[in-house]
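All remarks here apply to the structure that follows.
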Amino acid sequence: MGLMHGHRMSVRTVLVTGGGSGIGAGVVVELAAAGYQVAVVDRNAEAAGRVAEQVKAAGGNALPVTADVSDMDAVASAVAEVRDYFGTVDVLVNNAGFARDNHILDMPIEDWDSVQSTHLRGSFLMLKAVAPLMAAQRWGRVVNVSSISALGIHGERVNYVAAKAGLEGLTRAAALDLAPHGITVNAVGPGVIQTAMTEVSAARAGRSLDEHLAVQAAQIPRGRVGSPHDVARAVQFFIAEDADFITGQVLYVSGGPHG
Ligand code: NAI
C-alpha cells in the first residue's frame, strides 16, 4: 500500500452484505466498475454467485461468499475468507436486510427477532469482524444501509423501523469508537428504491408492481422511485479516499423529504 503522485497503487477491497440482489447488487456492480475489488456476501449462494459472475464478465474482480450475517460463526469465516483471498477488507457496506411488515398487534415475535437479527446484530457482527483489519492499516470505511423508515414515519413495521433507527444509533456510536483508528462509519437512508423488496410491499398493499410504483412516485418530490444506482452514488461519496473528515452521518437518498 503506498502513494504515487497522490494515487494509491493497490486496489481497495469492499465487502457488501446482501450483495446478491437489489441495492447491494447495484453497489457491487458500480463499485467494481469504479475499480474496487468486491466480496459479494449473501445468504443466497446462487444470487451471490450470479452477481460475482456479472462483475467478472465486465472485467472486474469479485468473490462470492455465502453467509447469513446474523450468524456469528458464519460472519467470522466469511471475513476470514475475504481476507485470505483479497488480503484485507478496506470498506464494509452493511446492506443485508428484509422487511416482515405487520401491525404491531399482529406481529409474530419471530418477525421482530429475525428483522433485528439481520439488520442490527448482523451489522454489529460484521463491523466487529472487519474493524481490526481496518484498524491495523489505520484506514477503513463503513457504510450502513438504513432507510427513511428510521425516522418513524411508516406504520405497520415496528420491527423494521426500530432496527433501522437502531442502525443509525450504531452508526453514530461506532463512528466515535473507531475515529481514532482512521475508520469512518456513516449511513445512507434510501427512500423507495425499486428492488425485490418493492415487489413484496406491492403485494402487501394489494397492488400490481406498476400501480404500486405509480402511487409511490406521486408521493416523492422528485416524481420517481429510486434505483440502486442512486444509493450507490451516496455510498461512493462516503468511501472516497479523502472523505476521512465525514463520519457518524446519515445521508437520506429519497428524492426529497417525504413520508
Ligand atoms: P433485496 O431483497 O433485493 O436484497 C436483499 C439481499 O440481502 C438479498 O440478496 C438477501 O438474500 C440478502 N439477505 C437478507 N438477509 C440476509 C442475511 N441475514 N444474511 C445475508 N444476506 C441476507 O432488498 P433491497 O431492497 O435491495 O434491500 C437492501 C437494503 O436496503 C436492506 O437493508 C433494506 O432494508 C434497505 N432499504 C431498501 C429500500 C427499498 O425501497 N428497496 C428502502 C430503504 C432501505
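Each value in this text was obtained by applying a stated rule to the coordinates, not by laboratory testing. In this text the structure is predicted, and so the values were computed from the model without any measurement. Here the Cβ is made from the backbone with ideal geometry for all residues, glycine too, and neighbour counts use every protein chain on show.
Length gain on complete extension for the stretch MET72 to ARG172, per 0.36 nm per residue less the alpha carbon to alpha carbon distance?
Numbers: separation 100, 0.36 × 100 = 36.00 nm, distance 2.26 nm.
Extra length from MET72 to ARG172 when fully extended: 33.7 nm.
Given contacts defined as C-alpha pairs under 8 Å and at least six residues apart, what's the relative contact order of the chain, whole-number percent?
Values: 526 pairs, mean separation 46.5, N = 259.
The normalised contact order for the chain reaches 18 percent.
What angle, in degrees between 0 and 90 and rounded to the nearest 10, separates the Cα long axis of helix 122-136 from the longest principal axis of the Cα atoms of the chain?
Result, in degrees: 20.
To the nearest 10 degrees, how steeply does helix 72-86 sit against the main Cα axis of the chain, on a 0 to 90 scale?
40 degrees
What is the antiparallel percent of DSSP beta bridges lying wholly in the chain, to the nearest 5? Provide the component values of the computation, followed by the final result.
Numbers: 2 of 31 bridges.
The answer is about 5 percent antiparallel.
Bin by bin, in steps of 5 Å, what percent of the Cα pairs in segment 178-259 do you find, going until the bin that has the longest distance?
Reading the bins upward from 0: 3, 14, 21, 18, 15, 10, 8, 6, 3, 1.
Determine the sum of side-chain charges near HIS154: Lys and Arg each +1, Asp and Glu each -1, restricted to other residues whose C-beta is under 14 angstrom from that of HIS154.
On the way: positive: ARG100, ARG157, LYS164, ARG204; negative: ASP101, GLU156.
In short, +2.
Cα centroid distance between segment 186-259 and segment 12-33, in Å?
16 Å
Can you tell me the 0 to 90 degree angle between the C-alpha axis of helix 196-205 and the longest principal axis of the chain, rounded to 10?
Around 10 degrees separate the two axes.
At q = 0.10, 0.13 Å⁻¹, what is the base-10 log of I(q)/I(0) for segment 75-204 according to the Debye formula with one equal point scatterer per Cα and no solvent? Please give it to two decimals.
Those come out to -0.35, -0.58, one per q.
Could you grab the Rg to Rh ratio for segment 44-137? Cα atoms only, Kirkwood for Rh. Don't skip to the end; give the middle numbers.
Details: Rg = 15.6 Å, Rh = 14.9 Å.
Here the Rg-to-Rh quotient is 1.05.
Obtain the radius of gyration and the Kirkwood radius of the chain from its C-alpha atoms and give Rg over Rh.
Working: Rg = 17.7 Å, Rh = 18.5 Å.
Rg/Rh: 0.96.
Do the sum for the chain: with -39,500 (n - 2.57) for every DSSP H run of n ≥ 4, divided by all residues, what is the mean residue ellipticity at 222 nm, to the nearest 500 deg cm²/dmol? Present the calculation step by step, with values, prior to reporting the outcome.
Values: 9 runs with 117 residues, N = 259.
It comes out at -14500 deg cm²/dmol, rounded to the nearest 500.
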